[in-house]
Amino acid sequence: MNVEVNASRAEQDCTGTARLRSGLPFESETMSKMEYHLNKRTASAIEKRMGGYSTPIYNFLIQDTNSSTQSPRQQPPSEKYHPTFTIENLPAILFTKDQSPFHPILLPIMAPSTPIIYPSKMFPGIQNTFKQHNALPLEDREKPLFVIDVATVKDSVRDFMASMPSTANIDVVHFGAVKACAAKPVTDVYDQLRCGFDCASKGEVKPLIDRGVNPARISLGNCNLPTNELEWGIEVGVQYFAVDSTSQVHRMLEAASRVAKRKGCDLAAILAEIKPFCRLVCSGKGSDKPFSAKFGVDPEMAFTIIEEAQAHGLTFIGLSGHPGTQNLSTDAFVQFAQLFRGVFDRVKAELGITMTLANIGGGWAGISTKTAPSFVTYNKPTIETFSSVFADWPVKLIMMTEPGRAFISKAGWLQTHVINVSKHTAGASVSRVFLSVGNLHGLNEANKISFEWHTSAPSEKTKPCVLYGASCDSSDIILGKDADGKEKTVDLPDVLAPDHLVWVYGPAAYGPDYSTSFNGVPPPKVVYINSKEGITY
């Protein structure tokens, strides 16, 4: 069946959206995707002009007049109306080429569409990418989308580096946390700016090695690497390894021994190239997402680990710590100076090792609905304190940073859309809002991190909303629960309705890499752009 349609008047006269559906197969690809635009005003006008057609337009059925099972209706108007879509001839807008009536069902969407209002703080390059996406056919534009601008990533890295210069007694080196965004356009920025790479697995390291990154610029920060990955890392020349247990020390020694045997060299030569550092457990005060006891040890255990390694020919070069994700405390990193110095002094005095590495981890706030400190506000007191505390250290200290969210979160946005809005009860004050992206598909950190929420139809009047994801899983509560087990809410416009767009500022860091296809719901598409060079990757 071929269908002819002209919807030009509809485009001019109407602003909402309704969709055609039919139980019949379509031979026309265009017809299967066709959308018609109707708002409530237009629907009312149509009903008035339809004479005896009393069925509400939002439940309108263009009947097949040849069907004996349906009530007879007025015959289609003359051919002069065909095939133009107008208010006057709506009942006859669709005909097969032989002019016999066709019977699609006209279904409404729940909310009339309005002009899309993009967030004012959204950069033009990102906004234009979303506009192109939103001009696609419905089945494509309903797919959620991350847009990340690597030009902004580059600016953030440069700003961060400038905020923490080396001093007379400290060399500062920066390793971008690959886990925050492992995509090549982003890691290329780290490479171009001569940063190192903080990695968590072979899966993050290998793509870097394959494209020529010097393994000496890579740190494996996972304290519990599988044995095969630990051995592979040693063999390809990765030098920096985080350790927080004596068992990890012995697994490293065994892996190094096998590598030495394959290479036909002494074990001591392999061990001399490895630069392990011990991770200390630290206070997460000020963090949106403090770390659990999964990582790190106290100073006493750190000394035991370093001592055990030294007894077997493996020398530790320093310590690491992490103040927790999105730490808004300006002294978050200052705490490490005295903590590290205490262990450094004991190791030097009792083991004769002069350690050199002070890895202060990540945790700088990216974006926050709270007041996030600037990089300078964090880093100036940190470098000054370390310089003072280690002023009499016999060798120059190497300070390593591992920012991730701080580099990525401001560079991108996630676009999702409202699938449904409902309430548990008629008198409920809180709305249930179902989004096409939930905590299993890109927003898994929304229960801890203060993201910004923007909608395509902003309003001064708001309502409290509980946000849920698209999966059929009761745990898919985007903002999580509070200490009392109550689902958290966010205030969104009171006009929020199905098909409205929602933009989230912040989850560009980690969000794409966290996304799954649980329940058959595909993860959001990710587009990388360079707004300054006009490039889409």
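I'd like the full set of residues that are crowded, with 21+ Cβ neighbours inside 10 Å and of a type outside the set (F, W, Y), limited to region 146-155.
In the first step, residues of region 146-155 are kept if they are crowded, with 21+ Cβ neighbours inside 10 Å; the result is 146-150, 152-153.
Matches in region 146-155: V147, I148, D149, V150, T152, V153.
Filter region 274-302 for residues that are farther than 30 Å from T371 by Cα and in contact with a Leu (Cβ under 8 Å, 6 or more places away or on another chain) and give the result.
Looking only at region 274-302, we keep the residues that are farther than 30 Å from T371 by Cα, and these are 274-278, 297-302.
Matches in region 274-302: I274, K275, P276, F277, C278, V297, D298, P299, A302.
Determine the pairs where a residue that is closer than 22 Å to A293 by Cα, located within region 217-238, has a partner that is of a type in the set (V, I, T) and surrounded by 14 or more Cβ atoms within 10 Å (Cβ to Cβ) with Cβ atoms under 9 Å apart, the partner being 6 or more residues away or on another chain.
S219/V238; L220/V205; L220/V238; C223/V243
Let's see how each residue does on (1) surrounded by fewer than 23 Cβ atoms within 10 Å (Cβ to Cβ); (2) of a type in the set (G, A, S); (3) not assigned by TED's automatic domain parsing to the domain that holds Q326:
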site: V502; (1), (2), (3): yes, no, yes
site: G506; (1), (2), (3): no, yes, yes
site: D513; (1), (2), (3): yes, no, yes
site: F518; (1), (2), (3): yes, no, yes
site: V521; (1), (2), (3): yes, no, yes
site: V526; (1), (2), (3): yes, no, yes
site: I529; (1), (2), (3): no, no, yes
site: K532; (1), (2), (3): yes, no, yes
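Could we say that A302 is small (G, A, S), assigned by TED's automatic domain parsing to the domain that holds D345, at pLDDT 95 or above and closer than 19 Å to F336 by Cα here?
Criteria met by A302.
Taking the residues in region 192-214 that are surrounded by fewer than 19 Cβ atoms within 10 Å (Cβ to Cβ) and assigned to a helix (DSSP H, G or I) as candidates, determine which candidate is nearest to the chain's Cα centre (by Cα).
The selected residue is G203.
With the requirement that a residue be in a loop (DSSP other than H, G, I, E, B) and under 28 Å from the mean Cα position of the chain (by Cα), what does region 215-237 give you? First the steps, then the outcome.
So the first thing to find is which residues in region 215-237 are in a loop (DSSP other than H, G, I, E, B), and the list is 221-226, 237.
Matches in region 215-237: G221, N222, C223, N224, L225, P226.
Could you tell me how many of the residues in region 470-526 are in a strand (DSSP E or B) and under 28 Å from I117 (Cα atoms)?
Restricting attention to region 470-526, the residues satisfying the condition of being in a strand (DSSP E or B) are 477, 481, 487, 490-493, 501-505, 525-526.
Filter once more, keeping what is under 28 Å from I117 (Cα atoms): 477, 490-493, 501-505, 525-526.
Total satisfying the criteria: 12.
Taking into account only those residues within region 275-310 that are in contact (Cβ under 8 Å) with a residue 40 or more places away in the chain and aromatic (F, W, Y), which is surrounded by the fewest Cβ atoms within 10 Å (Cβ to Cβ)?
Result: F303.
Taking the criterion of being out of contact with any helix residue (DSSP H, G or I) (no Cβ under 9 Å at 6 or more places or on another chain), in the same structural domain as G404 (by TED's automatic domain parsing) and farther than 19 Å from V178 by Cβ, would at least one residue in region 215-238 satisfy it?
No, that holds for no residue.
Pick out the one residue from F434, F407, F386, F375 that is crowded, with 17+ Cβ neighbours inside 10 Å and more than 30 Å from D191 (Cα to Cα). Can you show your working first?
Details: F407 fails: more than 30 Å from D191 (Cα to Cα); F386 fails: more than 30 Å from D191 (Cα to Cα); F375 fails: more than 30 Å from D191 (Cα to Cα).
Residue meeting the stated conditions: F434.
Being exposed (fewer than 15 other Cβ atoms within 10 Å of the Cβ), of a type outside the set (V, I, T) and without any contact (Cβ under 8 Å) to a residue 40 or more places away in the chain is the requirement here; does G352 meet it? Step through it out loud before you land on a result.
Numbers: exposed (fewer than 15 other Cβ atoms within 10 Å of the Cβ): yes; of a type outside the set (V, I, T): yes; without any contact (Cβ under 8 Å) to a residue 40 or more places away in the chain: yes.
It is true that G352 is exposed (fewer than 15 other Cβ atoms within 10 Å of the Cβ), of a type outside the set (V, I, T) and without any contact (Cβ under 8 Å) to a residue 40 or more places away in the chain.
Can you tell me which condition A446 does not meet? The list is (1) part of a loop (DSSP other than H, G, I, E, B); (2) in contact (Cβ under 8 Å) with a residue 60 or more places away in the chain; (3) crowded, with 23+ Cβ neighbours inside 10 Å; (4) in contact with a strand residue (DSSP E or B) (Cβ under 7 Å, 6 or more places away or on another chain), and all the others hold.
Here A446 meets the rest and fails (4).
When only residues in region 156-174 that are in a strand (DSSP E or B) and in contact with a Lys or Arg (Cβ under 8 Å, 6 or more places away or on another chain) count, which is surrounded by the most Cβ atoms within 10 Å (Cβ to Cβ)? Step through it out loud before you land on a result.
Within region 156-174, the subset in a strand (DSSP E or B) is 167, 170-174.
If we keep only those that are in contact with a Lys or Arg (Cβ under 8 Å, 6 or more places away or on another chain) too, we end up with 170-171.
Numbers: I170: 19, D171: 12.
Only one residue tops the list, namely I170.
With respect to V421, determine if the residue is assigned to a helix (DSSP H, G or I) and either touching a helix residue (DSSP H, G or I) at 6+ places or on another chain (Cβ under 6 Å) or not assigned by TED's automatic domain parsing to the domain that holds C282 (or both).
On the way: assigned to a helix (DSSP H, G or I): no; either touching a helix residue (DSSP H, G or I) at 6+ places or on another chain (Cβ under 6 Å) or not assigned by TED's automatic domain parsing to the domain that holds C282 (or both): yes.
When the stated conditions are applied, V421 does not pass them.
Only residues in region 516-537 that are at positive phi count as the first member; pair them with residues that are loosely packed, with under 14 Cβ neighbours inside 10 Å, Cβ under 6 angstrom, at least 6 apart or cross-chain, and list the lot.
N519/C472
The values are calculated or read from the model by the stated rules, or taken from the named source; none is laboratory data. Here the structure is a predicted model, which is why all the values come from computation and not from measurement. When we count neighbours, we look across all protein chains shown, and the Cβ atoms used for this are built from the backbone with ideal geometry, even at glycine.
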